[in-house]
1. Can you pull the one-decimal nm distance between simple spin-label points at residue 216 and residue 80, each 7 Å off the Cα toward Cβ?
2. For the range 22-122, what is the per residue volume of the convex hull drawn over the alpha-carbon atoms, in cubic angstrom?
3. If you look at just the Cα atoms of the range 2-180, how large are its Rg and its Dmax in Å?
4. Which of the peptides 62-70, 102-110 is most tightly packed, and how do the rest follow, judged by the mean count of other Cβ atoms within 10 Å per residue?
5. Given the peptides 163-175, 30-42, arrange them by the average over their residues of other C-beta atoms within 10 Å, most packed first.
6. Using 1/(1 + (r/R0)^6) with R0 = 22 angstrom and r between the beta carbons of residue 165 and residue 129, what's the FRET efficiency to the nearest 0.05?
């Protein structure tokens, strides 16, 4: 359905905005409960707190990397076409937001970014009042390293910046973006590769042997004059084929590509 990424400074009100957005979207889903397109959708929130990621994880890079990996794994796990997933975390690194964007494209869901606008230095005051707070050095480091979302890049767009003075989020605009916006198709770099069944090689060998046997049998019957053989499709061989020629046939079956020319002889797929 959609991935909504919260991004902002530490203690900048992201969780409050996430809660407001969740409440608004749940209300919209309830109002549209009879709509076949949105029927069965749900709103889910992922946060550091829910994943038991402590604020101390941001003190050192060796602790932060596994914390981000845990968050990304949870995002990939919870993304689905009937879920609006709100990610309430710092998400301050643009490369990490790009990873989230790629995960959303792979599933085929829409994306949006919400960034609480900064107000002059309330974050430090809020952080000092919290029991579970960032230490001062970590807090300053996160502020300095913050890579602000940019509406001009595809992984941050559409971007909704929420002014500090606004009482709530622009829920209707976000709703339209995640229900009517364009879905960006996965490209080759992020598309998942379907795994072949466990017996694929066995089936390929059996099919190859069956096809080769049928062609060689028909060739003996027809006296090497060429002809057609009825298989799943039709294979036309305009001249006599040897066992050596037929050894190339498994590649034809496995890749659905015609064989390389053998002189003037060629096996054509019907």
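None of the figures in this text is laboratory data; all of them are computed from the coordinates on show. Source: prediction; values computed, not measured. Cβ sites come from the backbone with ideal geometry, for glycine too, and all protein chains shown count toward neighbours.
1. Result for the modelled spin labels: 5.1 nm.
2. Numbers: hull volume 12.6 nm³, N = 101.
Each residue corresponds to 125 Å³ of Cα convex hull volume.
3. Computed over the Cα atoms of the range 2-180, radius of gyration and Dmax are 15.9, 51 Å.
4. Working: 62-70: 13.7, 102-110: 19.6.
Highest mean packing first, the order is 102-110, 62-70.
5. Details: 163-175: 13.9, 30-42: 11.5.
The peptides rank, most packed first, as 163-175, 30-42.
6. Details: r = 20 Å, r/R0 = 0.93.
The pair residue 165/residue 129 has a calculated efficiency of 0.60.
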